[in-house]
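Have a look at this one.
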Amino acid sequence: MWDRIRRGYAIPNLQTDLVDYWTDYYASHPQSVLMMSQRAGNYLYHIVNELEKRGLPTELALLPFVESAYNPVAYSKAHAAGLWQFIPSTGRHYNLQQDWWLDQRRDPIASTDAALNYLNYLYEFQGDWYLALASYNWGEGSVRRAIARNATKNLPGDYLSLTMPNETRNYVPKLQAIKNIITDPERYGITLPEVHNEPYFTTVQRSDDIDLEVAAQLAEMSIDDFKLLNPSHNQAIIPAHSAQLLLPSDKVDIFNANLAAYTGKLSNWRVYQPKRGESFSTIAQRHGISIAELRSLNGLSAKQTKSLAQNLLVPIDVNAALPASERGYSDGIA
């Protein structure tokens, strides 16, 4: 995959002091580069395929190194989430579902589609990849206003001539630094993990509710590894109406065989619609769990005492309920 990325480069190389600084920085942190590269291996084939379909530069597959360190559950102070770090409003603009069930900003397939559509739009809008990338970080309007300010002073409007916040000023140099290292890792004393030029994951469609924990067990995966491929789910259960799973390609047959032989419950949870004004304490008692367990499962604040008519997950059978530590995601909902 690294060779395939190198062959598709199409953004001019940037050569500045900041590029040198960040190249030296990454080269001096080989373990961090290795960790990011290992994470990237799960997603690179899909991302590069999508870039090539659109005729976009393959350097853009390196952008999540800068955005999220290729961590699909990365979450910033600005409430940006996922590999491509969409803020809620931009995510909604690009049709990324953000609700009680899902946050597609964390979905590797949906977020990649949105990010590449956005980057393609920014390039067509700005006419320059440096300006497009700065716009991705800072906002297209902010970049346009910076260009206009320069125009009023008879200054050039190119990327290097603009006055930008520090984060944006360092953004393109960071991408170029990663590109430098991926281009010639030996020069910088970096060893990249082998990433095969073949799909790492496969989409599996389901038509029934299934718990994250059960799905991971059927695929013979750890729950942590399963969540890295399926990080968009906010609840412990993947509901039938959005029961799409991503599994490593070599786990699909295992999953299907185990599912065919499985005789247990696929889900230990059901959705409960609280009555108006009903307290969490009453709901917890009715379903045989503590209020602390109800709060933990549903990501509820300890300050909340009454339901706001939101859906809640409750156990079908309290004796079969999973430990709170294994109940999927309950944060990051926009």
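How about the range 186-275: which helices (runs of 4 or more DSSP H) wholly inside it have at least 1 residues that are at pLDDT 95 or above, of a type in the set (Phe, Trp, Tyr) and surrounded by 14 or more Cβ atoms within 10 Å (Cβ to Cβ)?
Per the criteria, 223-229, 252-261.
How many residues are open to solvent by less than 10 Å² (accessible area, probe 1.4 Å) and in a helix (DSSP H, G or I) when one looks only at the range 103-130?
Residues in the range 103-130 being open to solvent by less than 10 Å² (accessible area, probe 1.4 Å) and in a helix (DSSP H, G or I): 9 in total.
Being in contact with a helix residue (DSSP H, G or I) (Cβ under 7 Å, 6 or more places away or on another chain), farther than 15 Å from ALA110 by Cα, aliphatic (A, V, I, L, M) and surrounded by fewer than 18 Cβ atoms within 10 Å (Cβ to Cβ) is the filter here, so list the residues in the range 40-82 that pass it.
ALA69
Turning to a different aspect of this structure: Quick one: in the range 136-166, which of the residues that are assigned to a helix (DSSP H, G or I) and among the polar types (S, T, N, Q) is nearest to ALA80 (Cα to Cα)?
Per the criteria, the residue is ASN137.
Still on this structure: Anything in the range 131-150 that is among the aliphatic types (A, V, I, L, M) and within 25 Å of ASN13 (Cβ to Cβ)? List them, or say none.
Result: LEU131, ALA132, LEU133, ALA134, VAL143, ALA146, ILE147.
Shifting gears a bit: From LEU308, LEU312, LEU322, LEU297, grab the single residue that is over 27 Å from GLU220 (Cβ atoms) and either exposed (fewer than 14 other Cβ atoms within 10 Å of the Cβ) or modelled with pLDDT under 80 (or both).
Within the list LEU308, LEU312, LEU322, LEU297, the selection yields LEU308.
How about the range 89-114: which of its residues are touching a helix residue (DSSP H, G or I) at 6+ places or on another chain (Cβ under 8 Å), hydrophobic (A, V, I, L, M, F, W, C) and in contact (Cβ under 8 Å) with a residue 24 or more places away in the chain?
TRP101, LEU102, ILE109, ALA110, ALA114
Also: Given the criterion modelled with pLDDT of 95 or more, touching a Leu at 6+ places or on another chain (Cβ under 7 Å) and within 26 Å of ILE5 (Cα to Cα), identify the matching residue among LEU122, LEU62, LEU83, LEU131.
Of LEU122, LEU62, LEU83, LEU131, the one residue that is modelled with pLDDT of 95 or more, touching a Leu at 6+ places or on another chain (Cβ under 7 Å) and within 26 Å of ILE5 (Cα to Cα) is LEU62.
The values are calculated or read from the model by the stated rules, or taken from the named source; none is laboratory data. Because the structure is a prediction, the values reported are computed rather than measured. Here the Cβ is made from the backbone with ideal geometry for all residues, glycine too, and neighbour counts use every protein chain on show. With ligands, DNA and RNA removed, areas are computed over all heavy atoms of the protein, side chains included. Shrake-Rupley method; radii C 1.70, N 1.55, O 1.52, S 1.80 Å.
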